[in-house]
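Novice: My questions all concern the structure below.
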Amino acid sequence: MAEIDKFEMMEVLTKKQEEERQRKAKAKKRNYIVGFSITAALLVCLAVIYTLSATIWLVDVASLPYVTYSYSADNNGEKTATITKFNPEVIEKDGVSVQVYPHKFVIPKTVNGLKVTGIANSAFANFTELETIIMPDTIEYIGDYAFYGCTNLKNITFSKNISHLGEGAFDATAYWNNLSESEVHVIADILYKVGSDVIEPNTVLLYNEDSYIPDVFNSGSYKYIYMEDWGDEINQWSNALFADNDNVVYVEIPSFINEIPENSFKNCKNLMGVGLTDSTTRIGDGAFSNCTSLIHVEINESVISIGSEAFLNTGISDITLPSTMENIGSGAFKNCLNIVNFTWPSNLNIPVSAFEGCTNLTSFSFDESGYEQISAIGSKAFKDTSLSEFTFPKNVQVIAESVLENVDELETVYLYQGKLTYDHYDNEVLLGVTRIEPNAFKGSTGQNSKLSSIILLDDNKNKVTPAGELNFPISLQNTATSSSSGSIFANTSVSKVTFPANVSKTAPDMFANDLNLKEVNFELKHVGTQYVGMKYIGFRSFYNTGLENIVIPNTVETIESNAFENSAMLKNVTLPDETSKFTTISSSLFAGCVSLESVNINSNIYTIKQQAFVKNYSLNYVYIPFNDLSETASDDAKSKLTIEPGTFAQAREEGSDTKLAIFLNIKESNADNNRMPSPIFEVDNEGNYVLDEHGERIMKSAGWYDDTCKVYWKGMWEFNDQGVPTPIVG
């Protein structure tokens, strides 16, 4: 190729290279501009987000010194916050602690990123310096007495979305005091206050002019008020809206009220009737409590829930509960004195104190399926009623505390006999009552109930045990839940009781003051190489009963103090023998058993506690066979026998010329004075004992026995032909 051609070609290439270089440079510049623009946009977005977050965070932080929150999830699972307490700053001023907080408080919409939806009960109560409250529209719930006592609170911006307004939420505030008494007042579609001048005496509250008026209220002596006239926007009431209003005599619950709020008509003592619509589904806690003139309420099929103490202390006498009912709260019919008969739906358990204090309730029943379906009856459910008999459904496992306490007309209780089955792991499964709690059947103090029978039933409700005695189901394991409280059958008229082998412990005061109790039996069960049965007799289990004789099985290891105290008819007691683990006679065990003639003390017993045999006027003698304290015994053995102060005191009635003979299987020289307090005898000026006319030392003060007893140590007595210890003559 010619040189000229090469040059021209190089020139052309150079020109093209320059154009490519310029193109790349422009592209690079364009990329820089685009990149910078994107970066700038991102920075702006981050700045905006930061600013918004900081603003929200600052609002949250501003509220933190003044309020405490709780957190929960709403029905949709969204976590929300509730203000639970207002926290003023406390400063020292002139040596006095002073609360400091703003006169105006803005409730934040969010805290820690969560929506603030509620104000809890009494959260702001009694902060008298508060003047203004501003609520965001996130607030849905205002609790009872939330702002009560904020006497200077007069300016309130309400949330538009309040769905629950608690009782007395703004009572005793400037806002409340400024509300007109001649008008009704609405907060966020909730009827909050009906002025005292609106409802006059003998007022019948109706929904509208088309409402049905019961004949008894259809006369010119009553004033009619139509709630429809109070405003179309109303769709709910605040809690306790009409509480303590003595002017309302009848009310028709309007159709827009699905749930009658808590305490709506509490203490309306002249309210005589209530009409429910098919829209009413729930009756709130205490809704009609203490409406003493309320006689009749017809519970519609639409009602599925009755709250706690809803009809407490009312005059209702006839209520039919629909089978569709899903829940009844504690004390729902407590102290309803006019209820005589009641039929309970079989699909519901019976709540705590359901009929407590219904003193005229004589008949209670549930249909046949109730025996199969009901599984729980709450404590005190029938306390202070007048039932004469009661049947516990077969699936009830716990006889609750005081469930039939003070039911003095109660004669017979029916229980399922229980059943023992095994699961697929070969574990025992018990069906039936497993525990009876304190005071379950206790009669009134000073007036024993008529209860004499617990009759066991089979699966078909057939009787399997006779009347006139107490029999417990095979499933029963415990007769007490506390070591200090029992009284299950105290003050009853039970005459015979049999404890099955599966019951190992009697409850404290279990049969206390049952003077009709004459016979107690303890069944035993042979398991392997030993017997199982009663192990523990509780404190005062048989205090002041009518027992005459009792045989305590060798399975018993402990008898607590006072177990037989004041059982004045008790004559003969057989304690566990030396093959048992029974080693201690507890304090006051037989105190006041004035008819007690004989009791055996086995050779394993090494502790007899104070007052154990006080006032045993009829006791022939006492033999303490403890035989480890021989002359060759070790020092430890010599000090083992313990007889506490006053164990044998007042053994004879005043003026008696006989003494209780006490025979010990140890020598006086082996007695450890620390464990067997010695009596103190009178001495003369020379230190010699003062003797009585019989040559006996005169006791000055008692140790473990007193001057109504005569003690014979080993070597001072012998067994006669009948095996009875007898003093050695001479």
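The values are calculated or read from the model by the stated rules, or taken from the named source; none is laboratory data. Since we're looking at a predicted model, the values are computed, not measured. Cβ atoms come from the backbone with ideal geometry, glycine included; neighbour counts cover every protein chain shown. Remember, those area values only see protein heavy atoms, side chains included, never the ligands or the DNA or RNA. Shrake-Rupley method; radii C 1.70, N 1.55, O 1.52, S 1.80 Å.
Novice: Give me the percent of accessible area attributable to carbon and sulfur for the stretch 151-199, probe 1.4 angstrom.
Specialist: That fraction is 39 percent.
Novice: Could I ask something else about it? Please get the size of the charge dipole for the chain, origin at its Cα centre, with Cβ charges of +1 on Lys and Arg and -1 on Asp and Glu, quoted in debye to the nearest 20.
Specialist: 2360 debye
Novice: Which of the residue pairs LYS535/LYS714; LYS535/LYS667; LYS193/LYS266 have a Cα-Cα distance greater than 24 Å in the structure shown?
Specialist: LYS535/LYS714; LYS535/LYS667
Novice: Can you give the accessible area of HIS424, probe radius 1.4 Å, in Å² rounded to 10?
Specialist: Solvent-accessible area, nearest 10 Å²: 150 Å².
Novice: May I ask you to evaluate 6.51 cos²θ - 1.76 cosθ + 1.60, the Karplus curve with θ = phi - 60°, for each residue of the stretch 421-435 and list the ³J(HN,Hα) values in order in whole Hz, giving x for glycine and proline?
Specialist: Karplus-based 3J(HN,Hα) across the stretch 421-435 equals 10, 10, 7, 6, 9, 6, 8, 5, 10, 9, 10, x, 5, 10, 8 Hz.
Novice: Something else: Treating only the Cβ atoms of Lys and Arg (+1) and Asp and Glu (-1) as charged, compute the dipole magnitude of the stretch 213-307 about its Cα centre; round to the nearest 20 debye.
Specialist: Details: 4 positive and 14 negative charges, 75 e Å.
Roughly 360 debye, rounded to the nearest 20.
Novice: Mean residue ellipticity at 222 nm from the helices of the chain, using -39,500 (n - 2.57) per DSSP H segment of n ≥ 4 over the full residue count, to the nearest 500 deg cm²/dmol? Show your work: numbers first, answer last.
Specialist: Details: 4 runs with 75 residues, N = 730.
It comes out at -3500 deg cm²/dmol, rounded to the nearest 500.
Novice: Any chance you could look up the accessible area of THR68 with a 1.4 Å probe, heavy atoms only, rounded to 10 Å²?
Specialist: THR68 has an accessible surface of roughly 60 Å² with all protein chains in place.
Novice: Residue separation times 0.36 nm, minus the C-alpha to C-alpha distance between SER346 and ASN258: what's the value?
Specialist: 29.2 nm
Novice: Please report the accessible area of GLU405 (heavy atoms, 1.4 Å probe, ligands and nucleic acids excluded) in Å², nearest 10.
Specialist: Spelled out: GLU405, probe radius 1.4 Å, area about 20 Å².
Novice: Still on this structure, I have one more. Which of VAL407, ASN685, ALA174 sits farthest toward the positive end of the charge dipole of the chain, with +1 on the Cβ of Lys and Arg and -1 on the Cβ of Asp and Glu?
Specialist: It is ALA174.
Novice: Still on this structure: Leaving out ligands, DNA and RNA, what percent of the accessible area of the stretch 468-607 is carbon and sulfur, probe 1.4 Å?
Specialist: Details: 2220 of 5050 Å².
In the stretch 468-607, the share of accessible area belonging to carbon and sulfur is 44 percent.
Novice: To continue, here is another question. Check the straight Cα-Cα distances from LYS700 and name the lysines below 20 Å, setting aside those fewer than 8 residues away within the same chain.
Specialist: Here the lysines satisfying the reach criterion relative to LYS700 are LYS615, LYS659, LYS710.
Novice: Put a dot 7 Å past each Cα toward the Cβ at THR324 and GLU372; how far apart are the dots in nm?
Specialist: Between GLU372 and THR324, the label points sit 2.4 nm apart.
Novice: Please calculate how many Å² of accessible area the chain carries per residue, with a 1.4 Å probe and no DNA, RNA or ligand atoms counted.
Specialist: That works out to 49 Å² for each residue.
Novice: In the stretch 306-413, what percent of the accessible surface is made up of carbon and sulfur (1.4 Å probe, ligands and nucleic acids excluded)?
Specialist: About 38 percent, which is the carbon plus sulfur part of the accessible surface.
Novice: Right, here's the next one. Assuming a ≥ b ≥ c are the square roots of the Cα gyration tensor eigenvalues, decide whether the stretch 211-291 counts as rounded (a/c under 1.5), prolate (otherwise, with a/b larger than b/c) or oblate.
Specialist: oblate
Novice: May I pose another question? Can you tell which of ASN155, ILE139, VAL111 lies farthest toward the positive end of the dipole of the stretch 103-181, using +1 and -1 charges on the Cβ of basic and acidic side chains (Lys, Arg; Asp, Glu)?
Specialist: VAL111
Novice: In addition: Pairs of lysines 8 or more apart, or on different chains, with alpha carbons under 19 Å: count those in the stretch 351-490, would you?
Specialist: So the count works out to 10.
Novice: Would you list, by chain and number, the aspartates and glutamates whose Cα falls below 15 Å from the Cα of LYS104, excluding same-chain residues fewer than 8 positions away?
Specialist: The qualifying aspartates and glutamates are GLU89, GLU129, GLU131.
Novice: Given GLN650, SER587, SER452, which one lies farthest toward the positive end of the charge dipole of the chain, if we put +1 on the Cβ of every Lys and Arg and -1 on the Cβ of every Asp and Glu?
Specialist: SER587
Novice: Given [x] 43.2; [y] 71.4; [z] 41.7 as candidate values of mean projected area of the Cα convex hull in nm², which corresponds to the one derived from the coordinates?
Specialist: Structure-derived value, by its label: [y].
Novice: On a full-extension model of 0.36 nm per residue, what is the gain between GLN722 and ASP74, subtracting their alpha-carbon distance, rounded to one decimal in nm?
Specialist: This chain segment gains 224.9 nm when fully extended.
Novice: Something else: Could you give log10 I(q)/I(0) at q = 0.11, 0.17, 0.21, 0.25 Å⁻¹ for the stretch 418-496, computed by the Debye formula over C-alpha point scatterers of equal weight, without solvent?
Specialist: -0.37, -0.79, -1.04, -1.20
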